[in-house]
Amino acid sequence: MRRALIRISLDDLKGAEADINTLVQAGANWPIVTHLQGVMSYQNQNYTQAQTHFLDVMSRAPEYLPSKLMLGLTYYNLKSYQNTVIYLEQYLPSNPTDVRANLVYATALMRMDNVDEAVNVLTKLNKSRPDDFRVLSLLSNGYLQQGKQEKSIEMLNRAVYVKPDQASTRLQLGATLMREASTVSLGQKELKKALELDPELEKAELTLFMSHMRQKEYAEALQSAQRIEQANSDLSLIHI
């Protein structure tokens, strides 16, 4: 069982599965074994099967926190956000600094339109992890949904400063900057930087194309459209 745990942590799923099968064949019907089966199913992205295993653990060991965490994560991947919140709210009081759990919890709250609570969670997490670009990026989303665009941009600028080579963060910053006419050119620059970092970031190219069209920058829009067509030969774009 310990070896299976180590192998899972090392992403040796085949070896871990062999150890778990050995335990099951030996008749070890303990909740921890079922939990490991659930972890294996989760790692293999078989979320429905993972849910079955973790619920089995809960029926026999209702206070087992690792399964509560994994159930929360599993329900998130199944897009059952209310259940995600239910199980992570049982897990987080004992593990308040678990970054992954907090991020998933806050995202689930946002998906349920409970943005204010999500921002509260992320604000607390940001105080303990001020340089975590994932927290900053998600907090920016929360502020944007609250209509606090300046705060949203502030968080994204900090995220870009912390991790300047993260193309998706620059895409997010660029798209946010382009919501205001006065900062459109700054947004376009961020999108171009995102594409320098990841030339295959299609969303950035499409956003840049639409921005050029809105600004009546037709020459730049045509260049952007041609790059999109080169990357997607099966797409047919309207030529300018």
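The values are calculated or read from the model by the stated rules, or taken from the named source; none is laboratory data. Since the model is a prediction, treat every value here as computed from it, not as a measurement. Backbone-built Cβ (ideal geometry, glycine too); neighbour counts: all protein chains shown. With ligands, DNA and RNA removed, areas are computed over all heavy atoms of the protein, side chains included. Shrake-Rupley method; radii C 1.70, N 1.55, O 1.52, S 1.80 Å.
Here are the numbers for this structure:
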| quantity | calculated |
| --- | --- |
| Positions within region 67-83 being open to solvent by less than 50 Å² (accessible area, probe 1.4 Å), under 23 Å from ILE32 (Cβ atoms) and touching a residue at least 24 places away in the same chain (Cβ under 8 Å), in sequence order | SER67, LEU69, MET70, GLY72, LEU73, THR74, TYR75 |
| Filter pass, ALA167 being free of Cβ contacts under 8 Å to residues at least 40 places away in the same chain, touching a Leu at 6+ places or on another chain (Cβ under 8 Å) and surrounded by 13 or more Cβ atoms within 10 Å (Cβ to Cβ) | yes |
| Matching residues in region 207-218 - criterion: being in a helix (DSSP H, G or I) and surrounded by 15 or more Cβ atoms within 10 Å (Cβ to Cβ) | THR207, LEU208, PHE209, SER211, HIS212, MET213 |
| Where a residue in region 34-54 is in contact (Cβ under 8 Å) with a residue 60 or more places away in the chain and its partner, wherever it lies, is surrounded by 21 or more Cβ atoms within 10 Å (Cβ to Cβ) and aromatic (Phe, Trp, Tyr), with Cβ under 8 Å and at least six apart | none |
| Segments classed as helices (runs of 4 or more DSSP H), wholly inside region 73-175, with at least 1 members that are closer than 30 Å to PHE209 by Cα | 99-111, 133-145, 149-162 |
| Selection count, region 1-27, where residues are free of Cβ contacts under 8 Å to residues at least 24 places away in the same chain, of a type outside the set (Val, Ile, Thr) and open to solvent by less than 20 Å² (accessible area, probe 1.4 Å) | 2 |
| Residues being in contact with a Phe, Trp or Tyr (Cβ under 7 Å, 6 or more places away or on another chain) and open to solvent by 20 Å² or more (accessible area, probe 1.4 Å) - total across region 135-162 | 2 |
| Residue list for region 176-205, restricted to those being open to solvent by less than 70 Å² (accessible area, probe 1.4 Å), more than 26 Å from GLN146 (Cβ to Cβ) and part of a helix (DSSP H, G or I) | LEU195, GLU205 |
| Complete set of residues in region 43-60 that are buried (at least 21 other Cβ atoms within 10 Å of the Cβ) and either farther than 27 Å from LYS79 by Cα or not polar (S, T, N, Q) (or both) | ALA50, HIS53, PHE54, VAL57 |
| Verdict on SER182 being modelled with pLDDT of 90 or more, hydroxyl-bearing (Ser, Thr, Tyr) and more than 30 Å from ASP98 (Cβ to Cβ) | yes |
